[in-house]
Amino acid sequence: MAAVAAAGPMALRRAAAVRDRGVLTRGILTRGGRPRPRGPLPRTPWTTRGPPPEELARAVERRPVREQVELDTITYAGRQYFVPGLARPHFPPWDRGWHDPRHSPGPRYEEMPLYQERGCYICHQGVRMLEGVRQAQWLTKTKLVEGLPPSVLSIVDNPAHQLEHYEEGAKRAVSHARFWDTREVAPRREHYCPVLFEDLIHLCRSMAAKYPALTKRMLARNYKISATWERESILLQVRGLNGILMNSMAPIPPVASKEEILATKEHVLETFYPISPTIDLQEVNVYKELNDTGFRDGYPYSHPHTLFFLESANVRTRRFRPEQLRAKMLMFAFGNALAKAKLLYGNDPKVLEQPIVVQSIGTDGQLFQFMVFQLNTTDLISNDGIKNLVWIDSDQNLYEKAQCVPEIKKRVVTKPAGIYGFQPDTFKKFLALYLHGTV
């Protein structure tokens, strides 16, 4: 014991523990009792088949922390002001005692009279298609042809159908929109894009003295279109506001011949699997299957001629990219043609005896997109049979740059203000689409 005392307090504690247990050891504390089994676990229902399902469900069940430890929620409701560390109180909805339409949640979708179990995919003016024209082709069962049709190109190439001094007039229209019609040093796109459109339309209207049939047209703004069709068990609809529509009293004659229409049977529509063709479209359950041109019966200018889309947003991200703009032009040109076809020939799917042609022009004030669409059939369910046709002439610059402020380096004007890279052929195509169907 003297040796243990000399060893220190730790040895004394260890020796006392050994004395109390009554077990003689050599400085190593061991657990008393039966030795721990080293073999396999005994065969019980839990070790052979695992715990019962209800025990597993109870273990996996996620309960809030407050239910697990049985705590009461302490909020700052009694103090009537925010207190850090206390929970946010939840009050019952306040009943004001009368119906306020500005603060009414409205009925549930299932309670609305137009609610339907089958969903409908809507294409409106805010839809930006991921796959662009390819996606619009599949949705409208359309074959794409690059460039403008021969009937339009013949107007472009014929000098007899050109406006006198058209190049000077178009350049003057660009200068008026970019320089003269503003007090700002550099006008914004939302200002000069509509002004340029109005100036170009004014130039085209000056041809009415030579072609009196041009006076039988009308521009319609803020009208609403609605066209419904089915595509491979998918219900689709084009509806709502769209571009500025120029109507005429006489329709545009068919662009493609009957042989070209019959040849579309062999065309195979391009798919973009695994992307769904309805991506980016709005799926709704409250809708009405409606086909409406947006004009009353008896309206004298009842035939759609050309749709104009102006991308005049100042911020680039709010404007449609050229590919998205072309897809939007195709969808709404198809919607106007389909609504007119169902008004004339009924809702039964069929191959049209007289195809319907609708044109479309899109611009951001500098870059132009030209399109001619011909609706050949309203049988759009399957991929077989006759298909519709569209001609697209894309990315045509009217001018390269409008220099609003001259560039000066070392007190020398290196680049004066003005229009650079002007391309009059773009205006010739604009004028040809305007004259198409009259000359």
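The values are calculated or read from the model by the stated rules, or taken from the named source; none is laboratory data. Bear in mind the structure is a predicted one, so any value in this text is a computation, not a measurement. Every residue, glycine among them, receives a Cβ derived from its backbone with ideal geometry; neighbour counts consider all protein chains shown. Accessible surface is based on the protein model in full, side chains and every heavy atom, while ligands, DNA and RNA are left aside. Shrake-Rupley method; radii C 1.70, N 1.55, O 1.52, S 1.80 Å.
A few remarks follow.
- DSSP beta bridge pairing in the chain, given as percent antiparallel to the nearest 5: 75
- Counting only protein heavy atoms and a 1.4 Å probe, region 230-281 has 54 square angstrom of accessible area per residue.
- Within the accessible area of region 343-387, the carbon and sulfur atoms contribute 48%, probe 1.4 Å, all protein chains present.
- Here the extension length gained between Val286 and Glu54 equals 79.3 nm, from 0.36 nm per residue of separation less the Cα-Cα distance.
- For region 278-394, the share of DSSP beta bridges that are antiparallel, to the nearest 5, is 75%.
- Too-long pairs where the Cα-Cα distance tops 26 Å, listed order kept, from Lys171/Lys415; Lys216/Lys401; Lys141/Lys288; Lys171/Lys328: Lys216/Lys401; Lys171/Lys328
- Gain in span if fully extended, Leu144 to Glu168, counting 0.36 nm per residue against the direct Cα distance: 5.2 nm
- Legend: calculated FRET efficiency, Val405 to Arg128, from the Cβ-Cβ distance at R0 = 25 Å, rounded to 0.05, equals 0.15.
- Modelled FRET efficiency - R0 25 Å, Ala160 with Ser257, Cβ distances, 0.05 increments: 0.55
- Reachable aspartates and glutamates from Lys258, criterion Cα separation under 18 angstrom, eight or more residues apart if same chain: Glu266, Glu353, Asp379, Asp384
- Here the accessible area is traced with a 1.4 Å probe on the protein chains. For region 168-211, carbon and sulfur cover 50 percent of it.
- Cβ-based charge dipole, the chain, positive-most Cα from His191, Trp229, Thr264: His191
- Estimated from the Cβ-Cβ distance and a Förster radius of 30 angstrom, the FRET efficiency linking Arg102 and Asp181 is about 0.15.
- Estimated inter-spin distance, Glu266 and Tyr81, nm [label 7 Å along Cα→Cβ]: 8.4
- Restricting region 357-439 to trypsin sites (Lys or Arg not before Pro) in coil, as DSSP defines it, with at most 11 other Cβ within 10 Å: Lys410, Arg411
- Annotation: amide H of Cys123 within the under-5 Å range of Gln237, Val238, Arg239, sequence separation 5 or more or interchain, hydrogens built in the peptide plane.
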